[in-house]
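Notes to accompany the following structure.
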Amino acid sequence: MQNELEALNKTSFEKFAPLYDTILSREKLLENPFFADIKNNIQDVGGGTKLLDIGCGTGDLCIFFANDGYNVTGIDYSDNMLIVARNKVSLYKAHMTVRKQMIEDPNFKRNANVSAELSSVRPKIRYFVDDVLKFDKVKDQFDIVTMADTISYIAPENIGTALKNINDRLVSGGHFCVILNTSLSFTNRLRRPEDFFKNFLDYSSGFSYDEAKGAYKLEIKFKPNDTVKEPVDVTLYEFLHPLRSFVDQFMAAGFQIVRMVPNTPVFAHDDCDIDMIIKNIDDTYSMPNGVYSVVIIGRKS
Ligand SMILES: C[S@@+](CC[C@H](N)C(=O)[O-])C[C@H]1O[C@@H](n2cnc3c(N)ncnc32)[C@H](O)[C@@H]1O
């Protein structure tokens, strides 16, 4: 069942959606090194091109993989995030169509009818409003499931349900790739609550730990200007999932861990010592350049 803070987050993401890319826009999206790393790791461990991205937000990861020939479905519980995501696909398609025409025809003049040609251009992506805790809409199975910067919005008591639901959406032998923020990522942000984002809008932000709620609180206040007519306040709660307990729940949900990538890759073979890997990662938390996130890839066993 959705917890009280998860419900607040959902409302906040709806408000945040139109402004999200002003804060977290990824330059050169199609060459993004973070997505390229995820893709290389996924390709290393197994095949398949049918991919589901959970908590896809404004769709950056979906566009990156679809552009590379993957058959992509994105889900998000925020309707507004998907409105932005769908618009972004149209822009990318239009952009690619125009570029292709310019390359082929040096005398090319932009054609007002360009939208007529969009359906034949990649990326092709399906977007659905759905919640990882419910999966009401998406019932088919996938070769790969990804989850980037989303697991920290799931309350600890719902992690087991989320992981079990994800396992059900995978074909046998399929892979789940999740990016987990470690405690260092939270403490880094506590140290620098103000200078975390770059943005072209006037805003202020704060990051703190809410003792009573047992969650980290991110507050962003957008001030009115030419783009933002009314002030917009966004409050998001994030949960720290300690690596050890997360990995335990991951395996209990039916995943065999095939890879963990904490800044530098650790290859998890059958005989590897998961406890040692976790201890070594934990030990770096006190270092300024320690591990702030871990890419974990599990195979449906
Ligand atoms: C910080 S954003 C990350 C978006 C995107 N993955 C990225 O890396 O840019 C987290 C996203 O997860 C979505 N989300 C959070 N909880 C969810 C849930 N239970 N089911 C589906 N989507 C969820 C939010 O609406 C939001 O778009």
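Read-outs throughout are calculated quantities, based only on the coordinates presented, and are distinct from any laboratory measurement. Bear in mind the structure is a predicted one, so any value in this text is a computation, not a measurement. Every residue, glycine as well, gets a Cβ built from its backbone with ideal geometry; the counts of neighbours run over all protein chains shown.
May I ask what percent, to the nearest 5, of DSSP beta bridges between residues of the stretch 125-236 are antiparallel?
If I count the DSSP bridges inside the stretch 125-236, around 70 percent turn out antiparallel.
Under 5 Å between amide hydrogens, which residues at least 5 positions from Cys56 or on another chain qualify, with H placed 1.01 Å from N in the peptide plane?
Here Ile75, Asp76 satisfy the definition.
From Cα pairs below 8 angstrom and at least 6 apart in sequence, can you work out the relative contact order of the stretch 140-252, rounded to a whole percent?
Taking the mean separation of contacting Cα pairs over the length of the stretch 140-252, I get 26 percent.
Kindly flag which residue pairs out of Lys137/Lys300; Lys213/Lys300; Lys39/Lys279; Lys15/Lys223 have an alpha-carbon separation exceeding 25 Å in this structure.
Too far apart for the 25 Å limit: Lys213/Lys300; Lys39/Lys279.
Using a Förster distance of 35 Å, how high is the FRET efficiency between Asn188 and Val228, based on the Cβ-Cβ distance and rounded to 0.05?
Efficiency at R0 = 35 Å is approximately 0.80.
Looking at the stretch 1-54, which GluC sites (Glu not before Pro) are in a loop (DSSP not H, G, I, E or B) and have at most 15 other Cβ atoms within 10 Å?
Hits after loop and neighbour filter: Glu27.
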